[in-house]
Each structure stands twice: as structure tokens, then as C-alpha cells.
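What follows is a single structure, written as C-alpha cells, with notes after it.
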């Protein structure tokens, strides 16, 4: 931990968490109490306390460091208000200042200015993804109701006249032939890319053949990945047709670099931002995912009715579009402020230039004396500190 920086350690009694993957449980309690959007610019640490490592207590610590001391107070207040934390906290509940930094906990991650986690390190990120998934489920409309944004049908010419299929294997082959971009190397096998709307067209068209799995999860590419798997319905299948996408990158710079490492296929690499539907730090389209066979057939009870897939995807699209609009508003405000500063600087420079041309003092604006001009001054001697 960084010495001299304000810090607070949030202490959990490991025995009260029930053991097991206790770090994940503690982080979930932490994120339920306060989200990363309230912790912009902080450093987060995690680990067992020194006393725990020496066998004298059983305490796990989530620590926060920030140059802004008010953030420390905000964290403490949020955890104090959490009934869930009160049930799992150690005694004492917190450790602050130098007593906290002396714990020398490993760094978990840093929260950037946008409220996103900059690293992909274990429990902190996976617990945040779990909490967000819980909140999403809690706000998902009940079956029979829908808040989805209406979509155009068909989504594109590619899904205008989808042919009838007699088997799941035929569907797999058709998707590969129809939705694999021409830039993809022929020797690479199928690699389909579809928009969210096209995916929903496909799912609804072949509802009688498929079972649909919808997942939001954390992985190395993103803490908020989206996956849609299609399984054979009859007989129940275990090898999916998988689509992954519609997710945020950690940073807009990562999204901008997307495809830059696909050197073996330069045409495909150049086309990737378009195929992926990159906007800001978000990938809006879906690509072929991992189609490895699972250990057992997919159970129909675990699936999403094909007609409801758009509801889930629409909610996700709406949240990403809202985030993009908010980011654009911040950029516009920043540009407006920068433009205003530029205008003010230009006007100030113009005024100084006019004063020089008319022999006026840059400080008081009154005419300069002949002596001041001979000395090459832009100000009166008395207006210039340290001058006679």
C-alpha cells in the first residue's frame, strides 16, 4: 500500500462468511454497499491481516486508498449503513490511516475516473459482476410484460428471408456460410458476426429447433460479457452454437486497438471494428464463441424463451447507449470549457498586444513613460515588483 495516502481497511470476520471462497463473499458485501462509480481514482487492496497470517485472528480486509480524504469517509458511511456488513464484520470493523497501510495488503485493482476497474484480478472483479447481475435480474420485467425498445423486423437483408431448417446441424452450417464475413480467411472455418437484432431474428425464426441460454458473466476480456448459446431442442443437445459480444472493454483505448493484433489476416483485422460494431469502449455486435461440447445436454428449464431474448438484449443496449450519451455530454462540456478558455486567452493576448502597440502598461493600462519605453518595459517601474 502507498505510505502517506489516506486509507481505510474494511474488516470481515472470515468465520461469519461461512468459509469457502470468503474473499468473493466479502467483496460482494462491499460492492452492494458502495459501487465503483463512487470510488473513481481509488486504489483497492485485499487480503488477510497480518494477525490472521500469524494465527492470532481470522480476518479478511478490503482496503481503500485515495488522495481525496472525503472518499474514505464515504466508504465508512456506506459500510456502516449496510446491514449485511454488520452481520459479517470483524471487531473492530475498520482500521484507518497508518494502521491500515502497515498491513501491506496486495493490490486488487484501481478504479479509473469513469468508475471502471482497471485490472482483472480475481474476487474484486468477479464479485462486482455478480452484484450487477443480481441488480439486473431484480429490475428485469416479469414474464408477460416488456420494456424493450421496438426493433425493426427483419433486422437486415441477411435475415429478411431466413430459410426453413430441418435440423440443428443444418442451422449450424447455414449460419457459418451466411454470416461469416468475406474478410475472414477461408482456411479458418466459419466465423460468423451478427448484430443483436439479427441474432434475435435468427432465434425467433428457428424457435422450434432450439433452446436458448442467455448469460452475463465476467472474464478476461470484460467484467460484463454477454453470451447467447443455442442448443438442439429435440433431442436435447450438449454442443452449442455460441454468440459472444455486446460488452464493454476496460478502456476506450482497448476498444480502439481491437483487431490490431490479428496480423495473419490483415483484411479481417482492418474490418474488425466494423464487424464488432465498436462505439466508444463498447462492442455492440456478436461473434462466434466457444462451441465445445458440454458434459450434459442443456436443460430446457434453464433456458430463455426465444421471444424474450430481445427483452434482455434491449435492456443491455439501452444501458450502453445511455452510457455513451453521458460520456458524449461530458466530452461536449469539456470541449466547451476548453473553447471558452481559448477564447479568453486569445482576447487577453489581443488586449496585451494592443497595449504594447499604444505604449500602455500591461498591469494598470496607463501610458508608459519615455524612460519605461527606453528601458524596454511593458509596465511602469512601480507596477513591476522588485523594480525601482
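What follows is calculated from the coordinates using simple rules that are stated; it is not laboratory data. Because the structure is predicted, anything quoted here is derived from the model rather than measured. Please note: Cβ atoms are built from the backbone with ideal geometry, for glycine as well, and neighbour counts cover all protein chains shown.
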Estimated [θ] at 222 nm from DSSP helical runs (n ≥ 4, -39500 (n - 2.57)) normalised by residues in the chain, nearest 500: -12000 deg cm²/dmol
The stretch 82-110 versus the stretch 1-75: alpha-carbon centroid distance in Å: 4 Å
Which value in nm describes the separation of the simple spin-label points at residue 81 and residue 238, placed 7 Å from the Cα toward the beta carbon? 4.9 nm
Cα centroid separation, the stretch 274-303 to the stretch 204-273 (Å): 3 Å
What share of all Cα pairs of the stretch 225-372, in percent, falls into each consecutive 10 Å distance bin? 9, 22, 20, 16, 9, 9, 7, 5, 3, 1, 0
Extension gain residue 344-residue 161, at 0.36 nm per residue separation less the Cα-Cα distance, in nm? 59.9 nm
Cut-off is 10 Å between beta-carbons; in what order do 66, 350 appear when sorted fewest neighbours first? 350, 66
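Could you tell me whether the stretch 1-115 comes out rounded, prolate or oblate from its Cα gyration tensor? Rule is a ≥ b ≥ c as square roots of the eigenvalues, rounded for a/c under 1.5, then prolate if a/b exceeds b/c, otherwise oblate.
Because a/c hits 1.5 or more and a/b fails to exceed b/c, the stretch 1-115 counts as oblate.
Using the number of other C-beta atoms within 10 angstrom as an exposure proxy, rank 177, 165 with the fewest first.
On the way: 177 10, 165 17.
Ordered from fewest to most neighbouring Cβ atoms within 10 Å, 177, 165 come out as 177, 165.
Which of 14, 382, 202 has the fewest other C-beta atoms within 10 Å, and how do the rest follow up to the most? Write down the numbers at each step before the final one.
Working: 14 20, 382 11, 202 28.
So the ranking, lowest neighbour count to highest, is 382, 14, 202.
Please report, to one decimal in angstroms, the Kirkwood hydrodynamic radius of the stretch 145-191 built from all distinct Cα-Cα pairs.
Numbers: mean 1/r = 0.0765 Å⁻¹.
It works out to 13.1 Å.
Apply the Kirkwood formula to the stretch 157-325: the hydrodynamic radius equals the inverse of the mean of 1/r over all pairs of different alpha-carbon atoms; give it in Å with one decimal.
16.7 Å
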In degrees from 0 to 90, rounded to the nearest 10, what is the angle of the helix 309-357 Cα long axis to the longest principal axis of the chain? 20 degrees
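Using r as the Cβ-Cβ distance of residue 135 and residue 169, and R0 as 51 Å, what FRET efficiency do you calculate, to the nearest 0.05? All intermediate terms of the calculation are to be shown ahead of the outcome.
Working: r = 39 Å, r/R0 = 0.76.
Plugging the Cβ-Cβ distance into 1/(1 + (r/R0)^6) gives 0.85.
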Rounded to whole angstroms and listed largest first, the alpha-carbon spread of the chain along its three principal axes comes to 101, 64, 45
Nearest 10, in degrees from 0 to 90: the angle of helix 123-139 to the longest Cα principal axis of the chain is 70 degrees
What's the angle, to the nearest 10 degrees (0 to 90), between helix 69-80's Cα axis and the longest principal axis of the chain? 40 degrees
